[in-house]
1. Loop only by DSSP, 16 or fewer other Cβ within 10 Å of the Cβ. Give me the trypsin sites (Lys or Arg not before Pro) in segment 216-311 that pass, ordered by residue number.
2. Distance between Cα centroids, segment 352-431 to segment 154-199: provide it in whole Å.
3. Quick one: net charge of PHE58's neighbours, Cβ under 12 Å, K/R +1, D/E -1?
4. Tell me, in nm to one decimal, what length is gained between ARG618 and GLU297 on full extension, where the rule is 0.36 nm per residue of separation less the Cα-Cα distance?
5. Would you mind getting me the FRET efficiency between ALA322 and ALA692? Use the beta-carbon distance for r and R0 = 56 Å, nearest 0.05.
6. Could you give the length gained on full extension between GLU507 and LEU87, defined as 0.36 nm per residue of separation minus the Cα-Cα distance, in nm?
7. Does anyone have the angle between helix 372-389 and the longest principal axis of the chain? Alpha-carbon axes, 0 to 90°, nearest 10?
8. Any idea how far apart THR237 and ALA638 come out in nm if each label point goes 7 Å out from Cα toward Cβ?
Amino acid sequence: MTPTPLDSPDTPEALPAEGWLDVPESAHIQPALFPDRLYWGEHLRPLNHQAWWYRRVFAAPDALPRRARLHFEGVDYFAAVWLNGRLVGQHEGGFAPFTLDVTEAIRPGDNALLVRVTSPWDPPNPRGSYPIDHVLRGLVKGLYEHAEGVIPPDVNPIGIWRPVWLLLDDGFSLDAARVRTAPDGTVSVRLTAANAGDETWEGALLLDIQADNHDGPGVQGRYALALPPGVHTLDYTLHIPEAHLWWPWDHGQPNLYRLRASLNSAEGEQSERVETFGVRTVRLERSPRCFTYFINERPVFLRGTSYMPGLYLSQFDRDALARDVALARDANLNLLRVHVHVSPPELYDLCDRAGMLVWQDFELNWTHDPSPEFEARARALQRRMIEMLDNHPSVMTWACHNEPTMVFTRRKNLERHPDPALYADALQQDPTRSVFICSGQMEKDWRRAGDLHSYYGAIWSARYTDVYRHHPRLPTEFGFEAPAAVETLRQHPEAWERLRHLEGQIETLWEYQAELTRYHIEHFRRLRAETCAGYVHFSLNDLAPQVGCGVLDVARRPKGGYAALRQASQPVLPALEHDGRRPVALWVFNDTPRAYLKARLSWRIYDAADRLLLEDERTLDVAANAALRVAEADWPVAPRDSARVELALHAADGAPLAENCYRRPFQPLPRPKGYPWKFDGYLGCKVFDHPAAPSLADHNIAPLFRLVPLAAREAIAEWALRQRMPLWLLSAVSR
């Protein structure tokens with residue numbers, strides 16, 4: 001591998017003969033060159049000011065078959081490919097595999113392969129403010145710097161990060177298979193078949209569907225086929241007897257089937273394609289008042305978190321991804337929101353097998369280039385994403401753009417390019433799943449979006465109990481940034497030097513993260529009874545060893561929020577409703593398909609000296625799949641004396657079902673000092689009360705606004721971030 005300037009000629013003739021670097025296969029350049037300095041520093045940003053050339057000499061057989069292709073599983077981000085000095089193709093998109101026909105360029109014996117890879121920085125946006133719209137993002141790529149505690153400012157992954165394959169065949173292939181199902185076992189298979197020859201191919205297509213992870217029956221079909229030269233779409237319908245449905249883990253078994261399609265002639269098998277799928281339906285029922293998700297026509301309440309494995313996806317093999325899915329499952333979650341990126345394909349197979357639902361974001365985040373040219377590029381890549389993931393039963397929703405109006409005066413993406421076209425494309429390409437034109441800031445547009453990003457107690461307001469007054473249909477982000485564990489920070493001196501002032505505060509900050517997380521979740525679970533389809537917390541893990549919204553740090557050490565997320569997300573849970581000042585009611589949540597008749601809910605209240613002040617219980621029938629308000633909390637105990645409230649739920653036979661405990665519930669914790677405005681631009685994260693850190697409200701503002709006191713500017717900014725204005729007014733202000 002060797003670098004050249006971005007503006008140098010992009011032809012092999014300009015390359016140096018010597019000085020090439022040996023790098024690991026299937027790795028981003030940053031971890032390949034700087035395995036111990038991945039996150040910050042002046043050595044990172046220049047990598048993306050250059051083009052990187054890869055070369056490989058490979059041997060082809062002396063007797064070449066009719067067709068040769070090169071298949072790239074992943075190149076981040078732009079790729080141009082030469083074989084034996086001939087340009088054979090170009091590609092855009094780090095997540096999308098691509099295949100190039102190299103039949104005319106390949107030769108027997110040694111072949112020289114060259115790949116030019118670039119992932120350039122976006123030019124500065126002179127009218128923007130860091131870290132939100134300081135650039136108009138020009139890459140269809142979610143995992144490159146957007147700072148604010150998520151991705152550090154000098155990170156822009158680049159490189160050939162997945163394997164490359166040489167495919168040799170006689171010109172006949174099954175290049176794609178799309179599977180659609182119905183609960184009665186009907187399976188519709190759409191195949192893309194290619195004949196690269198000059199004559200019609202004649203033979204048979206075999207379709208074989210068998211149970212993958214269970215013992216149910218399968219089905220087979222054999223079809224005579226004449227395939228003229230060219231690319232063709234073939235449609236077939238089969239029926240699985242006594243089909244086993246796919247369910248999320250808290251509602252049943254994630255039953256899977258395996259489809260094997262093959263082309264066969266007198267010469268034998270010509271091509272094979274294998275796909276794993278599940279028999280299931282998914283539907284989102286939308287109304288101005290309420291959202292409800294249905295899996296196989298059964299209501300399913302979402303308990304989820306946002307997920308990005310890490311900055312450099314090449315570092316995450318199947319085992320690493322399986323660890324994270326297990327951590328989400330251990331936290332009692334039934335959904336991962338794959339946030340602003342497409343993950344490695346292994347993740348989706350793991351989620352299929354774990355019964356873990358997936359909300360899939362497209363790779364657009366915040367403010368992008370609003371031109372028709374960018375729209376065309378984005379549309380092509382979104383189509384590719386849906387093609388790649390269409391057969392996964394775990395994937396239940398597409399979202400086209402995350403927070404396109406994060407700056408509320410910038411609405412061109414949402415109202416012009418590319419979001420309306422992306423939304424229309426997704427609806428047309430996949431009518432079997434719900435589609436959101438965007439996620440966040442479009443709560444009032446319930447037909448096309450309607451979800452909410454809720455940051456009360458964090459960047460929106462000083463009290464997390466402020467969310468009590470809000471009744472969203474589907475909150476898809478909420479959370480609070482907290483530092484990594486001390487053990488993690490000390491392993492990274494650059495971070496530790498800038499965050500060591502937090503050493504004595506970390507437990508307190510973790511406690512605040514935990515209380516905010518728990519309060520939001522229990523509020524949203526109560527709303528199942530009237531408006532709410534579920535919740536998606538932000539986020540499972542940090543991407544760098546610093547301050548972030550993850551309840552796990554980058555080393556997967558749990559912060560305080562992880563235990564709170566796990567406790568509050570139990571499928572069956574008793575809960576206390578309160579507004580932060582006084583108790584309101586007792587509830588039982590049951591997100592399972594099982595009812596509990598004659599269950600017993602008991603509660604105890606203790607004072608600060610651990611004296612029992614009140615004890616009571618009630619027998620009730622806990623309905624399946626419901627949130628039940630059990631009793632008013634009109635206790636003869638002053639809120640200030642309620643130091644601890646304990647709840648316990650038991651089945652009719654006395655078996656424990658769930659417990660819950662509140663410590664000083666009517667004395668909510670204050671938002672930590674300095675948050676959310678004190679910011680370290682080098683790390684790209686919040687630093688709380690660091691005395692030398694500037695405020696984000698001081699960055700890139702007009703001189704006239706500096707006449708407004710800083711505290712007032714910060715308060716105005718928090719109000720603006722809530723975007724509580726009508727859509728017509730937001731649009732008018734933007735124009």
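1. Details: sites: ARG222, ARG258, ARG260, ARG273, ARG280, ARG283, ARG286, ARG289, ARG303; in loops: ARG280, ARG289.
Within segment 216-311, the qualifying trypsin sites (Lys or Arg not before Pro) (loop, at most 16 other Cβ atoms within 10 Å) are ARG289.
2. Each part's Cα centre sits 21 Å from the other's.
3. On the way: positive: ARG55, ARG56, ARG107; negative: ASP110.
Once positives and negatives cancel, what remains is +2.
4. Working: separation 321, 0.36 × 321 = 115.56 nm, distance 3.25 nm.
This chain segment gains 112.3 nm when fully extended.
5. Values: r = 42 Å, r/R0 = 0.75.
That pair, ALA322 with ALA692, gives E of 0.85.
6. Working: separation 420, 0.36 × 420 = 151.20 nm, distance 5.71 nm.
Difference between extended and current length: 145.5 nm.
7. The two axes meet at around 90 degrees.
8. Here the modelled spin labels are 7.3 nm apart.
Any read-out appearing in this document is the output of simple, stated calculations on the displayed coordinates, not a laboratory observation. Fair warning: this is a prediction, and the values are worked out from it, not measured in the lab. Every residue, glycine among them, receives a Cβ derived from its backbone with ideal geometry; neighbour counts consider all protein chains shown.
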